[in-house]
Amino acid sequence: MSWALLIAQIQFLPDQASKMAGRVDLLFIYLIAITGTVTLAVAGVTLFFLAKYRRNAAADRSPPASSSLPVEITWSVIPLVIFIALFGFGAKIYFRESVDPRDALEVHVIGKQWMWKLEHLQGKREINELHVPLDQTVKLVMTSQDVIHSFFLPSFRIKEDVLPGRYTTQWFTPQKVGTFPIFCAQYCGTNHALMIGQVVVLDAADFAAWLRTGRETASVAQRGEQLFHSLGCSGCHSPQAAVRAPLLEGLYGSRVPLTDGRIVNADMRYIRDCILLPKTEIVSGFDPVMPSFQDRVSEDELFALITYIKSIGSPQPEVTVPDR
Amino acid sequence: MPPVLQIIDLKDSQATRSYLTKQTLRSWLLTTDHKRVGLLYLYTIIVFFAVAASAAAVMRLNLLTPRGDLVQAETYNKLFTMHGVLMVWFFLIPSIPSVLGNFLLPLMLGARDLAFPKLNLLSWYIFVFGGGIALYALLIGGVDTGWTFYTPYSSTYSNSHVALMAAGVFVAGFSSILTGLNFIVTTHKLRAPGLTWFRLRLFVWSLYATSVILVLATPVLAMTLTLMALERIWKVGVFDPALGGDPLLFQHLFWFYSHPAVYIMILPGMGVVSELIAAFSRKRVFGYTFVAFSSLAIALLGFLVWGHHMFVSSQSVFAGVIFSFLSFLVAIPSAIKVFNWTATLYRGSISLDTPMLYAIGFIGLFTIGGMTGLFLATLAVDVHVHDTYFVIAHFHYIMVGGMVMAFMGGLHFWWPKISGRMYPELLGKMTAIVTFLGFNLTFFPQFILGYLGMPRRYHAYPEQFQVYNVLSTAGASILGLGYVLPLCYLIWSCCYGKPAGNNPWGAKGFEWETTSPPPSENFEKPPVQTEEAYAYPVPSSEPITE
Ligand SMILES: [Cu+2]
Ligand SMILES: [Cu+2]
């Protein structure tokens, strides 16, 4: 690569593809302004003293106080006040990033050494590429099949670790059409650096067209329903079943009393653990007869089962592809 | 006695009675003299530094091109693991405490030796043993987990010599613990008459704070690595969810040690800089008590901020907020130090000898390192820059720009005492400046790279990141020069440098009252402290030319 090409690369901020990116950049610029001023001031004063009081220069050297409480308090309290302001600003954006967004398009992400597998609720699957519609909040529900990864979208200024054995989430609202990088940020072994991909932001019409391309696929919830029968869940969890097991309609989002007296939220974590580790949380009033499916279901089958249970739960089924 | 005779007498005693006089291998390997043990550490950590720095050199060369053409991904991963493990545990942690601390603590306290001289030698043997295991693990194939050993990659998935490497670090940890204990007891028990706590040198205060962390934090690392190895070898489920464990637990335990360890790696440097600033501006450090207590405040607060390494690890929002706030708080005592150093220069009589140049460089680089630490403490910004080159740049500003600059400054400052000879001053000054410039060229571009989104530990990278990587590699070659030069001229000075005399810098402190190099028992007769630390006479307002 020639020097001219190299120099043409010089940039200081990555693409801003969402409002959130703008907010983070603003905070970043504030930080640069404040810390830059302080650093330059310290450097300036230091260099000034070095020049003025160098041994071979005449200067007033009558001894100043060797310590001063008011001075120490001043230069502790002023930084403290600035720090609290910065902390508050950073925390405010962090809160915003951490809320569960409403009306979001849910996308499932499975990390594995060394690729990203993504799945839209409508049934379409992608590898290392994520197509999303413009101006539509996208919620990523993520898990890993092996080690810890981290799903990093620099153009949206977000990242969140992707862990085995649990679900983590993050969301973003693309506000710019284009392609933006996906990086794995958490070191995950040999080809960590190749675990990269791209987000493709399309406007609504293009996205709808993109969804229609390729083979017709069953939705994630439909696949979940099939699994629910083929794995034998329905053999227990149905009104006609011989075994006494709770019905799963309306389960998602409800509060479940357990035999040990606790009451837990029936969220994705809970349903996942019910399927994999049924002995750890027993629903009050039932016998612990449910077998573990630990070695029988894969991560994407788990996603399907949970999505199915969700879909028979909530009053308005969370069907997801916005039709616009 | 006539003056002439006195001089001859002194020379004579220097020749016959310095701690360096006896030069048999046995006398070195069985020594209990803290000064010799300090030198044994120096030789050992130079070896580790050389190995670890070479690893970094290959990495930087590899990153010249986006495709990473020089080494394969797996090799690259082993290189950065080796670089991290050796630099952290076998260079930075022992650097100032075990080399300069060992050499100077008894001298500064006016003591004959540390409280437990044999234990001190044992610490070195344990260190060498641990280091030997680590090097062996590297020779038979290396480790590819990164120095952070995150589970379940380390405990289940990696096919490299993880357990062996962990064993090396585990063993070396005991050397840290014993050194810490030794320093604490020595500071309590062996102070010269008149040397009250608030007359102690600030370097002693910082060593004391460091020792407290060494003793309290290192056992946690030992336990964490043991659990990881147990899971790896016997499949005891602690961290791997597939075995019923919790992968985040490892991160909590690891950072509960490793964040305080960051302060193990910087506090002693701050202590050295306080000494250098005082000596070369001929003044008592401004706000002595605040500087002293800020070391302790850092040591204690440092135990409460580990969660700032885990803002995106799926730790709770509440925990994130608390850890962010505490991380801002821990920056205050560091800021206090910087302000006090600057204030010390006011109305001083300043000479810019090599050690002072390093100290000034330290203040600049440490300030940038500390300021960018605030970026990382700020939640929303950290979400973006976590695990990118921004973090790499930040901690190299602290560890290399801070600790290594301080180490070099201290080494030059006390070199006349250690070796009895002066190094070439002009060459020293040039090296300090080259190091400063090379350092900034290497690491400043990495801040930009990080904000642009380049993740750390990438063997290859998208093309748009190339320009800053090229700059960084160019800087690294200059920085390398800044380390090779002192090695050459310091060795040269051992034979050809001009004799230093007892106190070449005109500095205050017990170590400058004894001969250079000091006798085995340190002082002809036990010193007594009759004044404050750094009680320099009022400097003349008129220019002084040497
Ligand atoms: Cu990765
Ligand atoms: Cu930390």
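The values are calculated or read from the model by the stated rules, or taken from the named source; none is laboratory data. Just so it is clear, the model here is predicted, and its values are computed rather than measured. Neighbour counts run over all protein chains shown; Cβ positions are idealised from the backbone, glycine included. Remember, those area values only see protein heavy atoms, side chains included, never the ligands or the DNA or RNA. Shrake-Rupley method; radii C 1.70, N 1.55, O 1.52, S 1.80 Å.
Normalised by the number of residues in chain B, the mean separation of alpha-carbon contacts (under 8 Å, six or more apart) gives a relative contact order of 18 percent.
Of A:Ile275, A:Ile306, A:Ile110, which is the most mobile in a GNM of chain A whose springs link Cα atoms less than 10 angstrom apart? Evaluated over chain A, the most mobile residue of the options is A:Ile275. Apolar share of the accessible surface for the stretch B:158-276: 73 percent from carbon plus sulfur atoms, 1.4 Å probe. Look at the stretch B:219-226: the mean tally of other chain Cβ atoms within 10 Å of its residues' Cβ atoms is 0. Simple rule: put +1 on each Lys or Arg Cβ and -1 on each Asp or Glu Cβ in the protein assembly as shown, find the dipole, and look at B:Leu267, A:Thr307, B:Phe103; the Cα lying farthest toward the positive end is B:Phe103. Rounded to the nearest 10 degrees, the angle from helix A:69-98 to the longest Cα principal axis of chain A is 30 degrees.
For chain B, which longest stretch is free of loop sites, where a loop site is one of the trypsin sites (Lys or Arg not before Pro) that DSSP puts outside H, G, I, E and B and that has at most 13 other Cβ atoms within 10 Å?
The longest uninterrupted stretch comes out as B:236-546.
Among the residues of the stretch B:279-312, those with an accessible-area drop of 40 Å² or more from chain alone to full protein complex, heavy atoms and 1.4 Å probe, are B:Phe286, B:Phe290, B:Val312.
Note on A:Ala65 and A:Ala85: their simple-model spin labels are 2.6 nm apart, each label 7 Å out from Cα toward Cβ.
Fully extending the segment from B:Val71 to B:Glu513, taken as 0.36 nm per residue of separation minus the present Cα-Cα distance, adds 153.8 nm.
Along chain A, counting only GluC sites (Glu not before Pro) with a DSSP assignment other than H, G, I, E or B and at most 13 other Cβ atoms inside a 10 Å radius, the longest segment between sites is A:1-215.
Out of the trypsin sites (Lys or Arg not before Pro) in the stretch A:39-148, which ones are loop residues according to DSSP with at most 16 other C-beta atoms within 10 Å?
In loop regions of the stretch A:39-148 (DSSP not H, G, I, E or B), the sparsely surrounded trypsin sites (Lys or Arg not before Pro) are A:Arg102.
Convex hull volume of the C-alpha atoms in chain B, normalised per residue: 149 Å³. For chain A, taking the reciprocal of the average inverse distance between every pair of different Cα atoms yields a Kirkwood hydrodynamic radius of 23.9 Å. The convex hull defined by the C-alpha atoms of the stretch B:341-459 has an orientation-averaged projected area of 9.2 nm².
Nothing charged except the Cβ atoms of Lys and Arg (+1) and of Asp and Glu (-1): what's the magnitude of the dipole of the stretch A:220-311 about its Cα centre? Round to the nearest 20 debye. Don't skip to the answer; put the middle values down first.
On the way: 9 positive and 11 negative charges, 34 e Å.
Roughly 160 debye, rounded to the nearest 20.
Over chain A, what is the relative contact order in percent, taking alpha-carbon pairs closer than 8 angstrom and at least six residues apart? Dividing the mean separation by the residue count of chain A yields 15 percent.
For chain A, adding -39500 (n - 2.57) for each run of n ≥ 4 DSSP H residues and dividing by the number of residues yields -11500 deg cm²/dmol at 222 nm. Taking N as the residue count of the stretch A:60-130, its C-alpha radius of gyration divided by 2.2 N^0.38 Å amounts to 2.36. The long axis of helix B:425-452 is offset from the longest Cα principal axis of chain B by roughly 20 degrees.
Counting pairs of Cα atoms in the stretch A:220-311, how many percent are more than 21 Å apart? When every Cα pair of the stretch A:220-311 is considered, 24 percent fall beyond 21 Å. In the elastic network of chain A, a GNM with C-alpha springs shorter than 10 Å, the most mobile of A:Ala91, A:Ala304, A:Ala204 is A:Ala91. Here the relative contact order of the stretch A:220-311, from alpha carbon pairs under 8 Å that lie six or more residues apart, stands at 38 percent.
Computed over the protein assembly as shown, the percent of Cα pairs more than 40 Å apart is 43. Using a simple spin-label model with pseudo-atoms 7 Å out from Cα toward Cβ, A:Val45 and B:Ile233 lie 5.4 nm apart. Cross-linked pairs A:Lys112/A:Lys310; B:Lys283/B:Lys337; B:Lys189/B:Lys525; B:Lys337/B:Lys417; A:Lys112/A:Lys139: Cα-Cα separations exceed 23 Å for A:Lys112/A:Lys310; B:Lys337/B:Lys417. Chain B contacts chain A over a buried accessible area of about 8000 Å², both sides summed; the probe is 1.4 Å and only protein chains count. Once the Cα atoms of helix B:247-264 and of chain B are each reduced to a long axis, what angle between those two axes, in degrees from 0 to 90 to the nearest 10, is obtained? Result, in degrees: 20.
Across the stretch B:76-145, Cα-Cα pairs more than 18 Å apart make up 49 percent of the total.
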